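Peer 1: Below you'll find the structure I mean.
Just so it is clear, none of the values below were taken in a lab; they were calculated from the coordinates. Just so we're clear, the structure is a prediction, and the values are computed from it rather than from any experiment. So basically every Cβ, Gly included, is an ideal-geometry build from the backbone, and we count neighbours across all protein chains shown.
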Amino acid sequence: MSKTQTKISKLISYWLRHKPQDAKIQLDEFGWANIEAILEALKTNQIECNKDDLITLSNSFDKVRWKIDKVANKIKATHGHSISILQEEEPQTPPEILYHGTATRFIESIMDKGLISKQRQYVHLSETIDMAKEVAQRHGKPVIIEIETKALIEHGWKFYKTEQDVWLTSEIPFKSLDIEPWDFIIDKETKGIFLKELKKEINREHLLSDKIDKLELIARYGPSDDCLFKNQENNEYFVVHLTWSGKKEKDSWPLAKQFDNFEEFLNTRLVADQDDWYGRH
Ligand code: HQG
């Protein structure tokens, strides 16, 4: 796709998804615009484009972004809307797992607020890890989030499939999200059990001995006994490899690695763990 084509397509997507009023076009309740109105708006922007050019443009995308109804002479964006439109199709049953690609810099806020749609009407999910990763790379260092759809459907979530395996749904709380291969712990009792074991294992010379009362378990690493603790006082993080001996260990055991903040943990450890995890799966 040439630079000019990219520019034209972005402009049309902008009108169809966000600001039809900028082009003085009307969308119906499902988001359809009249093709002639789009061509007219392009002309106003000194862009010569006919209906066939529009169809060629739509077919040259790396993924489906527009739906064109040649008979009714209308066009709509398949996803990405910030304006509120109605879905024409009924909700469908998605695969058991869908993926959302995001950036490390958003994870802390996602832990707090869940997956939110921000300025868009829906949260966008992908069927494949590769597609989720591509979406994520637009924002920064990619993190893959998994969504188990069955439980959400049982709780009333609706999933809409767009043309090319992009799924739309409403906002999802953090407790329904998985960031493999780490298991983020919300349950207070579990947090208590791990802290109690840590207290049993560390000796007086241990790196964590003077901070122990300030630590909180944040997550467990699925494949081993690694645990992520946060120092609530200064935002330091520690990955500790518990021995589960139930008694005081010697020297620097249980082994602990320090991260100066959560971002550092995400950008180094979590990203590497995900590369490994999804490389193997
Ligand atoms: C993140 C493109 C902080 C979210 C793509 C994402 C997609 C939070 C960013 C479609 C958050 C929003 C949509 C929270 C979510 N705190 N950040 N609580 N919850 N976020 O662009 O999903 O190529 O609005 O993870 O392919 O990246 O244009 O959404 O990183 O299908 O056709 O906030 O747009 O389609 O970013 O992308 P976006 P998205 P096209």
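Peer 1: Would you work out if the range 42-129 is rounded, prolate or oblate? Take a ≥ b ≥ c from the square roots of the eigenvalues of the alpha-carbon gyration tensor; rounded if a/c is under 1.5, else prolate when a/b is larger than b/c, oblate otherwise. Could the numbers behind the result be given before it?
Peer 2: Numbers: a/c = 2.28, a/b = 1.84, b/c = 1.24.
It is prolate, given that a/c is not under 1.5 and a/b is the larger ratio.
Peer 1: What GluC sites (Glu not before Pro) in the range 208-281 are in a loop by DSSP, with at most 10 other Cβ atoms within 10 Å of the Cβ?
Peer 2: Values: sites: Glu216, Glu233, Glu236, Glu249, Glu263, Glu264; in loops: Glu233, Glu236, Glu249.
When the GluC sites (Glu not before Pro) of the range 208-281 are filtered for loop state and at most 10 Cβ neighbours within 10 Å, Glu233 remain.
Peer 1: With θ set to phi - 60° and the Karplus curve 6.51 cos²θ - 1.76 cosθ + 1.60, what are the ³J(HN,Hα) couplings of the range 21-33 in order, to the nearest whole Hz, using x for Gly and Pro?
Peer 2: 4, 4, 9, 6, 10, 9, 9, 7, 5, 9, x, 7, 10
Peer 1: What does the charge add up to near Tyr122, with Lys and Arg as +1, Asp and Glu as -1, over the other residues with Cβ less than 11 Å from its Cβ? The partial results should precede the final answer.
Peer 2: Details: positive: Lys118, Arg120, Lys158; negative: Glu171.
Value of the local net charge: +2.
Peer 1: Let me ask something additional. Express the relative contact order of the range 39-78 as a whole percentage, based on alpha carbon pairs under 8 Å and six or more residues apart in sequence.
Peer 2: Details: 26 pairs, mean separation 9.3, N = 40.
Dividing the mean separation by the residue count of the range 39-78 yields 23 percent.
Peer 1: Using a Förster distance of 35 angstrom, determine the FRET efficiency expected from the C-beta separation of Phe30 and Asn59, and round it to 0.05. Don't jump to the answer; show the numbers that get you there.
Peer 2: Values: r = 22 Å, r/R0 = 0.62.
Plugging the Cβ-Cβ distance into 1/(1 + (r/R0)^6) gives 0.95.
Peer 1: Each residue of the range 238-255 in turn: what ³J(HN,Hα) in whole Hz from Karplus with 6.51, -1.76, 1.60 and θ = phi - 60°, glycine and Pro shown as x?
Peer 2: In residue order, the calculated couplings are 9, 9, 10, 9, 5, 9, 6, 7, x, 9, 4, 9, 9, 6, 8, 7, x, 4 Hz.
Peer 1: Can you list the aspartates and glutamates whose alpha carbon sits under 19 Å from that of Lys214, skipping same-chain ones fewer than 8 residues off?
Peer 2: Here the aspartates and glutamates satisfying the reach criterion relative to Lys214 are Asp187, Glu189, Glu197, Glu201, Glu205, Asp226, Glu233, Glu236, Asp260.
Peer 1: Just round it to a whole percent: the fraction of Cα-Cα distances in the range 149-264 exceeding 20 Å.
Peer 2: Everything past 20 Å amounts to 51 percent.
Peer 1: Right, here's the next one. From Cα pairs below 8 angstrom and at least 6 apart in sequence, can you work out the relative contact order of the chain, rounded to a whole percent? Numbers along the way, then the final one.
Peer 2: Values: 464 pairs, mean separation 36.5, N = 281.
Normalised by residue count, the contact order of the chain is 13 percent.
Peer 1: Hey, how much of the P(r) for the chain falls beyond 23 Å, as a percent of Cα pairs?
Peer 2: 62 percent
Peer 1: Could you list, in their original order, any pairs among Lys76/Lys175; Lys7/Lys70; Lys211/Lys257; Lys196/Lys250; Lys19/Lys74; Lys158/Lys191 whose Cα atoms are separated by more than 25 Å?
Peer 2: Numbers: Lys76/Lys175 34 Å; Lys7/Lys70 23 Å; Lys211/Lys257 14 Å; Lys196/Lys250 17 Å; Lys19/Lys74 17 Å; Lys158/Lys191 33 Å.
Pairs exceeding the cut-off: Lys76/Lys175; Lys158/Lys191.
Peer 1: Give me the number: length gained by fully extending Val271 to Glu108, i.e. 0.36 nm times residue separation minus the C-alpha to C-alpha distance, one decimal in nm.
Peer 2: Full-extension gain reported as 57.2 nm.
Peer 1: Same structure, new question: How many nm is it between the label spots at Glu148 and Lys257, if each spot is 7 Å from the Cα in line with the beta carbon?
Peer 2: Label-label distance for Glu148 and Lys257, simple model: 2.8 nm.
Peer 1: Let me ask something additional. List the aspartates and glutamates whose Cα lies under 16 Å from the Cα of Lys133, skipping any in the same chain that are fewer than 8 positions away.
Peer 2: Asp62, Glu146, Asp165, Asp178, Glu180, Asp273, Asp275, Asp276
Peer 1: Between Gln232 and His18, what is 0.36 nm times their sequence separation minus the Cα-Cα distance? Round to one decimal in nm. Each step should come with its number before you reach the end.
Peer 2: Details: separation 214, 0.36 × 214 = 77.04 nm, distance 4.10 nm.
Computed gain between Gln232 and His18 is 72.9 nm.
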